Amino acid sequence: QVQLVESGGGLVPAGGSLRLSCVASGRTFVTYAMGWFRQAPGKEREFVAHINWSGDSTHYADSVKGRFTISRDNAKNTVYLLMNSLKPEDTAVYYCAGTITIATIFASEYDYWGRGTQVTVSS
């Protein structure tokens, strides 16, 4: 009933920036918190950032803290991930996820997932 669609990925040189978007749609939308995760080839999916329902509380993985910024616009049912100072190690498929409970770093506790958008950072 709830669908999430990511966009904004692409190929960028090291040190560059990208802004990812995640739009939620459906007849009803009751997600209270959103998160971003990423998965590189041959690796496990890892937590990147999450944000609460009102957008005034955020949390980041240490690997991206100070470089990435998560935000949301509830009027547009959209969550963003601004990625600055990108590194080759950031190369991965990025997924947005929603939970009807509280924000968490654990992927297993999210209820809705997008299909992902590819981010490739060249060295």
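The values are calculated or read from the model by the stated rules, or taken from the named source; none is laboratory data. On a predicted model such as this, the values are computed, not experimentally measured, just so you know. We place every Cβ from the backbone using ideal geometry, glycine too, and count neighbours over all the protein chains shown. Areas reflect the complete protein model, heavy atoms only, side chains present, ligands, DNA and RNA absent. Shrake-Rupley method; radii C 1.70, N 1.55, O 1.52, S 1.80 Å.
For segment 45-60, the criterion of being farther than 15 Å from residue 7 by Cβ, open to solvent by 80 Å² or more (accessible area, probe 1.4 Å) and hydrophobic (A, V, I, L, M, F, W, C) is satisfied by at least one residue.
Looking only at residues that are of a type in the set (D, E, K, R) and modelled with pLDDT under 95 in segment 66-123, which one is nearest to residue 14 (Cα to Cα)?
72
Here the condition is being among the aromatic types (Phe, Trp, Tyr), in contact (Cβ under 8 Å) with a residue 12 or more places away in the chain and over 18 Å from residue 32 (Cβ atoms); of 110, 60, 80, it holds for 60 alone. Within segment 34-44, the only residue that satisfies the criterion of being open to solvent by 80 Å² or more (accessible area, probe 1.4 Å), at pLDDT 95 or above and in contact with a strand residue (DSSP E or B) (Cβ under 9 Å, 6 or more places away or on another chain) is 43.
Does segment 20-33 contain at least one residue that is among the β-branched types (Val, Ile, Thr), open to solvent by 60 Å² or more (accessible area, probe 1.4 Å) and under 17 Å from residue 113 (Cβ atoms)? Within segment 20-33 (the criterion being among the β-branched types (Val, Ile, Thr), open to solvent by 60 Å² or more (accessible area, probe 1.4 Å) and under 17 Å from residue 113 (Cβ atoms)), the answer is yes, since at least one residue qualifies. Identify the residue in segment 1-19 that is aliphatic (A, V, I, L, M) and within 16 Å of the chain's Cα centre (by Cα) and, among all such residues, is surrounded by the most Cβ atoms within 10 Å (Cβ to Cβ). Per the criteria, the residue is 4. Select from segment 67-123 the residues that are in a helix (DSSP H, G or I) and among the acidic types (Asp, Glu) and write down the one among them that is least open to solvent (accessible area, probe 1.4 Å). Filtering first and then ranking leaves 90.
Taken over segment 39-84, the residue count meeting the criterion of being over 20 Å from residue 100 (Cα atoms) and β-branched (Val, Ile, Thr) is 2.
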